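Trainee: Have a look at the structure that comes next, please.
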């Protein structure tokens, strides 16, 4: 496919739809940590922050940022998408792939995103700040994510002047980001802590340590599928190295507690656990209608079954991919048209059956879909 930066957004969306994100592949400790992310916020020193800027300022700042990004050697393969140029379903598609935030889908004029074809790097332009850079890698590897984003940030600073205070650090729209303006986060799968009802205690503890836990799609979302995003709450007063060390320490503690909870379940409630896992697997392979919440719950159980060695015929990479492609916008992009909630539930079940039974996804609705619309 053409890797020129200014290609038709429809071609970009189509490419992403048929390729798996690099961060969904297995990585270090991917039995519990699905992915690691580092995000940096930056603002241009000679433009108003996005929430105070005029439309013409936003468009001008976006073009200035695009121009700088085109000059980066380590960001050579990338695409640019102007948010006002794509439909709402395509914006939601990008949210579901963790390339942009939900806030970035609102009022698209002057907003944009730059992404790499492997989806390891995305840069939101004119979200809350002029730049929200993120690097996503598979598994528990914040150091790799930091190394990538730090080099990109250094090279980008040669072409753009960022708003910076010697006393405070990088200046941002939200005071909690001021300082390093760095957020590190881990997407963690914690089913045993949820089953054993220990999760609330764990989340309360990390909150007291100045960390926060969010759902699958970040702030304001629920932890469907027993997936939690753990990240630092503030940046001011800490160096990047200190923040990385703090996140790694809290993550290792959570990993240890999840491992202990899994071991306890196997030791004291093995039949119950196996029954729950195999029931979930059976429903995913056979159900004809399935909503998003129950699909994520069942996928979580199958993922746990794979991690525990109970289910051997399914690869972890496939389950990670299914967490994403059964989301509403993905289902509509796969179908090539808008779908009602009922149609999405039927299409979701069809995809799950086909993928888990190792057959191909049918491009059109099958007989049962046509008969139930």
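The values are calculated or read from the model by the stated rules, or taken from the named source; none is laboratory data. Computed from a predicted structure; not experimentally measured. Ideal geometry is used to build each Cβ from the backbone, glycine not excepted, and the neighbour counts take in all protein chains shown.
Rundown of residues vs (1) touching a helix residue (DSSP H, G or I) at 6+ places or on another chain (Cβ under 8 Å); (2) over 24 Å from residue 20 (Cα atoms); (3) crowded, with 21+ Cβ neighbours inside 10 Å, yes/no style:
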| site | (1), (2), (3) |
| --- | --- |
| 114 | yes, no, yes |
| 150 | yes, yes, no |
| 155 | yes, yes, no |
| 163 | no, yes, no |
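Trainee: Would you say residue 193 is outside any loop (DSSP other than H, G, I, E, B), in contact with a strand residue (DSSP E or B) (Cβ under 8 Å, 6 or more places away or on another chain) and either more than 25 Å from residue 127 (Cα to Cα) or at pLDDT 95 or above (or both)?
Mentor: No, not satisfied.
Trainee: Do you know which of the residues in the stretch 6-15 that are touching a strand residue (DSSP E or B) at 6+ places or on another chain (Cβ under 8 Å) and assigned to a helix (DSSP H, G or I) is farthest from residue 86 (Cα to Cα)?
Mentor: So the residue we want is 12.
Trainee: Right, next: Only one of (1) within 21 Å of the chain's Cα centre (by Cα); (2) buried (at least 17 other Cβ atoms within 10 Å of the Cβ) is not met by residue 215, so which one is it?
Mentor: Just one mismatch for residue 215, condition (2).
Trainee: Right, next: For the stretch 227-331, list the helices (runs of 4 or more DSSP H) that sit wholly inside it and hold at least 1 residues that are in contact (Cβ under 8 Å) with a residue 24 or more places away in the chain, over 24 Å from the mean Cα position of the chain (by Cα) and at negative phi; which are they?
Mentor: The helices (runs of 4 or more DSSP H) meeting that bar are 240-268, 270-286.
Trainee: Then there is this: Give me the residue from the stretch 196-226 that is in a loop (DSSP other than H, G, I, E, B) and out of contact with any helix residue (DSSP H, G or I) (no Cβ under 7 Å at 6 or more places or on another chain) and, out of that set, modelled with the lowest pLDDT.
Mentor: The qualifying residue modelled with the lowest pLDDT is 220.
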